[in-house]
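Accompanying notes for the structure given below.
The values are calculated or read from the model by the stated rules, or taken from the named source; none is laboratory data. Everything numeric in this text was worked out from a predicted model, so none of it was measured. With ideal geometry, Cβ positions are generated from the backbone for all residues, glycine too; neighbour counts draw on all protein chains shown. Just the protein is used for accessible areas: all its heavy atoms, side chains included, with ligands, DNA and RNA removed. Shrake-Rupley method; radii C 1.70, N 1.55, O 1.52, S 1.80 Å.
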Amino acid sequence: MPPQADENPAVMYPLYGPRDPAKEKSVPTAVLESEKVTTDDLPCPLYTPQDADPSGYLGAREDCWNLACKDWPSAIAMPTCISEVQAVVKAAAGKKVAVLSGGHSAMCMPQGAFLISLRQMNKVVVNVDDLT
């Protein structure tokens with residue numbers, strides 16, 4: 001909601017609100033039995049359905065709003081900057097890859113994909129001097 005006339009106009013509104021709790025409480029057995037994705041030393045969180053605590057994986061799946069295309073990716077990486085995205089893309093080489101940006105895509109949670117979620121990349125840096 002935009003600020004009203006009597007409110008402080010300097011108030012900033014976040015791009016994303018707080019993450020909703022996972023609606024599912026467990027991962028289906030068929031997904032758990034799929035091959036576990038392993039990567040070496042990713043600089044950002046990586047969630048898989050086989051994690052000892054599936055809450056991170058299940059919570060990350062909540063970024064897809066469309067239940068018609070909300071399947072079970074094999075892994076969900078959550079980079080926060082360009083260098084982390086580059087590392088994730090290198091780690092995902094040879095795998096089926098999908099990118100989750102706003103969660104409105106018809107392919108936002110494809111089955112078995114290595115998903116790169118851009119949810120944490122939610123700020124803009126403006127350089128006034130360079131006009132960039």
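Applied to the stretch 106-111, the Karplus parametrisation 6.51 cos²θ - 1.76 cosθ + 1.60 on θ = phi - 60° returns per-residue 3J(HN,Hα) values of 6, 10, 6, 9, x, 4 Hz, with x for Gly and Pro. Post the alpha-carbon centroid distance, the stretch 62-112 to the stretch 28-59, in whole angstrom. Result: 13 Å between the Cα centres.
Heavy-atom accessible area for Val128, with the other protein chains in place and a 1.4 Å probe, reaches approximately 110 Å². Given a 1.4 Å probe and the protein chains as shown, Cys81 ends up with an accessible area of around 50 Å².
Using the Karplus relation 6.51 cos²θ - 1.76 cosθ + 1.60 with θ = phi - 60°, the per-residue 3J(HN,Hα) values for the stretch 53-67 come to 10, x, 4, x, 5, 5, x, 5, 5, 5, 6, 9, 7, 8, 5 Hz, with x marking Gly and Pro. If you plug the beta carbon distance of Val99 and Asp129 into 1/(1 + (r/R0)^6) with R0 = 41 Å, you get a FRET efficiency near 0.85. At a probe radius of 1.4 angstrom, the accessible area of the stretch 49-132 per residue rounds to 54 square angstrom. In summary, the lysines within cross-link reach of Lys70, defined as a Cα separation below 22 angstrom excluding same-chain residues under 8 places away, comprise Lys23, Lys25, Lys36, Lys95, Lys96. Whose amide H sits under 5 Å from the amide H of Ala98, counting only residues 5 or more places off or on another chain, with H placed in the peptide plane? The list, which skips near neighbours in sequence, is Phe114, Leu115, Ile116. Between Thr80 and Asp40, full extension at 0.36 nm per residue minus the direct alpha carbon distance yields a gain of 12.6 nm.
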